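What follows is a short report on a single structure.
Quick note: the coordinates plus some simple rules give every number you see, no bench work behind them. From a predicted model like this one, the values you see are computed outputs, not experimental measurements. No Cβ is skipped: glycine too gets one built from the backbone with ideal geometry, and neighbour counts run over all protein chains shown.
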Amino acid sequence: MEDIPKIVVIDDDPDIVQAIQIVLEAQNYEVITASNGEDGLQRVKKDKPDVVVLDLLMPKKDGFAVVRELREDRRYAKLPILILTSVREDASRRRYELETGTELEVDDYVEKPIAPVELISRVGNLVRKVRGAAAVG
């Protein structure tokens, strides 16, 4: 049986989550969802996904805090993160730098809305990147 790639989607907008889930499941990904950063971190630690799709503006723990926690934990330091948010990329990167003194280390950044074909392409690239690295290492 083929190992199905796991994607954790962390976003507080249920419509966005449902749309992403439908698109990615149609591509044979296992999609695990969380509606805030705290639950999202728990899902990442429990389910060990191949890729995280992350919104920045959420309750309980925002996406900036999620990125920071994942990057500080060596087990998840290389986990591919795709930011999918309505916040402009340059503003996000500036805010993260001001708050942490470090650069926002994510693998891809897309401003909402995203076309399904673009989502499939970007997630696929990250899955291939991590699976290729795992096969080599």
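Restricting the first member to region 104-131 and to residues that are closer than 17 Å to residue 89 by Cβ, and the second to residues that are of a type in the set (Gly, Ala, Ser) and outside any helix (DSSP H, G or I), the beta-carbon pairs closer than 9 Å and six or more apart or on different chains are 105/77; 111/86; 112/86; 113/86. Kindly establish whether residue 70 is outside any loop (DSSP other than H, G, I, E, B) and touching a residue at least 40 places away in the same chain (Cβ under 8 Å). Spelling it out, it is not the case that residue 70 is outside any loop (DSSP other than H, G, I, E, B) and touching a residue at least 40 places away in the same chain (Cβ under 8 Å).
Mind listing whichever residues of region 23-58 are β-branched (Val, Ile, Thr) and either in a loop (DSSP other than H, G, I, E, B) or free of Cβ contacts under 8 Å to residues at least 40 places away in the same chain (or both)?
Within region 23-58, the first condition is being β-branched (Val, Ile, Thr), and the residues that meet it are 23, 31-33, 44, 51-53.
Those that are β-branched (Val, Ile, Thr) and either in a loop (DSSP other than H, G, I, E, B) or free of Cβ contacts under 8 Å to residues at least 40 places away in the same chain (or both): 31, 32, 33, 44.
Scanning region 85-99 for residues that are small (Gly, Ala, Ser) and either over 23 Å from residue 35 (Cβ atoms) or assigned to a helix (DSSP H, G or I) (or both) gives 91, 92.
Whenever a residue of region 86-99 is of a type in the set (A, V, I, L, M), its partners that are assigned to a loop (DSSP other than H, G, I, E, B), lying with C-beta atoms within less than 6 angstrom and at least six residues away or across chains, give the pairs 87/56. Quick one: is residue 20 in a strand (DSSP E or B) and either touching a Phe, Trp or Tyr at 6+ places or on another chain (Cβ under 6 Å) or under 19 Å from residue 80 (Cα atoms) (or both)? When the stated conditions are applied, residue 20 does not pass them.
Residues that are of a type in the set (A, V, I, L, M), surrounded by 12 or more Cβ atoms within 10 Å (Cβ to Cβ) and over 21 Å from residue 43 (Cβ atoms): does region 77-89 have at least one? So far as region 77-89 goes, yes, one or more of its residues are of a type in the set (A, V, I, L, M), surrounded by 12 or more Cβ atoms within 10 Å (Cβ to Cβ) and over 21 Å from residue 43 (Cβ atoms). The set of residues in region 1-11 being of a type in the set (D, E, K, R), in a loop (DSSP other than H, G, I, E, B) and crowded, with 18+ Cβ neighbours inside 10 Å consists of 11 alone.
Going by the conditions given, is residue 27 over 13 Å from the mean Cα position of the chain (by Cα) and within 16 Å of residue 127 (Cβ to Cβ)? So residue 27 fits the description; yes.
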